[in-house]
Amino acid sequence: AAGVAGAHPDDTFVGFARVFSGSLRPGGGGTLYLHRAGADGDAAPAEVALEVDSLRVYVLMGRALVPTTHVEAGSICGLGGLGSAVLKSATLSSVGGCPAFEPLATRGAPIVQVALEPEQLGGLPQLQAGLALLARADPSVEVAQLSSGEHVISTCGEVHLERCLH
């Protein structure tokens, strides 16, 4: 989300969300609980308490993010301020101990695999950070570091690969 019109400068990662019941009003105080189901990369389910005031809510308008102060049930929105708490999928609720929704089943399995390297060796930390963000955000992407030290990205096709590299 960095560089997207309307996004807060701290929002490198903006989650895509749907409000199933009630409403979401950042800035009103209170706590939301982020629930993650245990997945392949996770050792166990996790629950993280987030201050509502730390979240930023956006209306998704094409390529732009429009900040908003209120989202009703049934709405789809963007959520900023999630930091590193989300790994591909999570459930937010106002009640602790709520079971997490199952992650969305993706129909596309990664079929294109490419090894990546930075143009200059000094760019390796940025490459690793970018790959970590991509792996966190896109459920159809697999990122691995081989025993040879190569960084490999697997995507669902050439167009998906181009978009991920961009």
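The values are calculated or read from the model by the stated rules, or taken from the named source; none is laboratory data. Since the structure is predicted, the reported quantities are computational estimates derived from the model, not experimental observations. In this analysis, Cβ positions are derived from the backbone assuming ideal geometry, glycine residues included, and neighbour counts consider all displayed protein chains. The accessibility values were calculated without ligands, DNA or RNA, using every heavy atom of the protein model including side chains. Shrake-Rupley method; radii C 1.70, N 1.55, O 1.52, S 1.80 Å.
Please give the solvent-accessible surface of Glu162 in Å², to the nearest 10, using a probe radius of 1.4 Å with every protein chain present.
130 Å²
With labels modelled as points extended 7 Å from the Cα through the Cβ direction, what inter-label distance (nm, one decimal) is found for Gln120 paired with Ile76?
Going from the Gln120 label point to the Ile76 one covers 4.1 nm.
Take the range 88-158, compute every pairwise Cα distance, and split them into 5 Å bins from 0; I just need the percent in each bin.
In order of increasing distance, the bins hold 3, 14, 19, 19, 15, 11, 8, 6, 3, 1 percent.
Suppose the chain between Thr68 and Ala49 were pulled fully straight at 0.36 nm per residue; how much longer would it get relative to their current alpha carbon spacing?
Length gained, Thr68 through Ala49: 4.6 nm.
So between Ser140 and Arg25, what do we pick up on full extension, going 0.36 nm a residue minus the alpha carbon distance?
38.3 nm
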